[in-house]
Amino acid sequence: MSERTSSIHLGLVLHNHQPVGNFPWVMQQVYEESYLPMIEALERHPKVRLGLHYTGSLLDWIDEAHPEFLQRIAVLVRRNQVEVVSGGYYEPILPSIPDVDKIAQIRRLTERLSRDFGVRARGMWMAERVWEPGLPRPILEAGIEWTVLDDVHFKNVGLEDKDLYGYYATEDQSSVLKVYATSKELRYTVP
């Protein structure tokens, strides 16, 4: 009788953001109640792997208020437990700004992540998960290979939950971007 092993593979990216100019006491409270406990949990459970996205404005605050926190994330990155995920530095709604600004925002955060954590981010978070078909070209031009989109985008073209494992490729002007679907059920269960 052969022994059968099974495993579950779940791609998980946690999005962390605070608006520019938020009250310092709010930032501190969220840090203590959310950001810090998550890193402590990851440190205790080294087999858990996931992606972490922090917006540039949040990284700016963390760098000023808790620089040791960035060092702790860097340790998780070095041990290949965490993949840092880029995006627009100030969390812009990408379709609403010019392409040159899209590219600059993404490159700025990607460069910040490289400086802080010693790796080049390959994926990105889409602010408010807003998508337009012209986004692949500027995203790829900014050096990003993949992103995550709401499953609703996929379901609106006829796909079902069973079709949303792995990634799909989308293109604009011959630039191919990998897109992964989120799970609405998981998205609303986690918070």
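For the stretch 27-48, the count of residues that are open to solvent by less than 30 Å² (accessible area, probe 1.4 Å), farther than 30 Å from G166 by Cβ, free of Cβ contacts under 8 Å to residues at least 40 places away in the same chain and not aromatic (F, W, Y) is at least one. Could you identify the single residue in E91, E83 that is surrounded by 11 or more Cβ atoms within 10 Å (Cβ to Cβ), touching a Lys or Arg at 6+ places or on another chain (Cβ under 8 Å), charged (D, E, K, R) and closer than 23 Å to K184 by Cα? After applying the criteria, what remains is E83. In the set (1) among the hydrophobic types (A, V, I, L, M, F, W, C); (2) at pLDDT 95 or above; (3) in contact with a Phe, Trp or Tyr (Cβ under 8 Å, 6 or more places away or on another chain), the condition left unmet by V30 is number (3).
(1) in contact (Cβ under 8 Å) with a residue 40 or more places away in the chain; (2) within 29 Å of S183 (Cα to Cα): which one isn't true of Y54, the others all being true? The number of the failed condition is (1). The residue that is most open to solvent (accessible area, probe 1.4 Å), counting only those in the stretch 123-133 that are closer than 21 Å to I73 by Cβ and out of contact with any helix residue (DSSP H, G or I) (no Cβ under 9 Å at 6 or more places or on another chain), is W125. Entry remark, the stretch 134-155: residues being part of a helix (DSSP H, G or I), within 23 Å of N16 (Cα to Cα), open to solvent by 50 Å² or more (accessible area, probe 1.4 Å) and of a type in the set (D, E, K, R) number 0 in total.
Kindly check whether there is at least one residue in the stretch 156-177 that is open to solvent by 20 Å² or more (accessible area, probe 1.4 Å), in a strand (DSSP E or B) and of a type in the set (V, I, T). Yes, the stretch 156-177 has at least one match.
For the stretch 103-122, the candidate set comprises residues that are under 16 Å from the mean Cα position of the chain (by Cα) and basic (K, R); within that set, the residue that is least open to solvent (accessible area, probe 1.4 Å) is R112. Exactly one residue among E91, E128, E132 is at positive phi, modelled with pLDDT under 95, acidic (D, E) and under 19 Å from the mean Cα position of the chain (by Cα), and that residue is E128. Scanning the stretch 95-125 for residues that are in a loop (DSSP other than H, G, I, E, B) and closer than 23 Å to A181 by Cα yields R120, A121, R122, W125. If you scan the stretch 178-190, which residues turn out to be within 16 Å of the chain's Cα centre (by Cα), open to solvent by 70 Å² or more (accessible area, probe 1.4 Å) and free of Cβ contacts under 8 Å to residues at least 24 places away in the same chain? If the condition is that a residue be within 16 Å of the chain's Cα centre (by Cα), open to solvent by 70 Å² or more (accessible area, probe 1.4 Å) and free of Cβ contacts under 8 Å to residues at least 24 places away in the same chain, then V190 is the only one that fits.
The values are calculated or read from the model by the stated rules, or taken from the named source; none is laboratory data. Quick caveat: nothing in here was measured; it's all calculated off a predicted structure. Because the Cβ atoms are built from the backbone with ideal geometry, glycine has one as well, and the counts that use them run over all protein chains shown. Ligands, DNA and RNA are stripped out before the accessible areas are found, and what is left, the full protein with its side chains, is counted by its heavy atoms. Shrake-Rupley method; radii C 1.70, N 1.55, O 1.52, S 1.80 Å.
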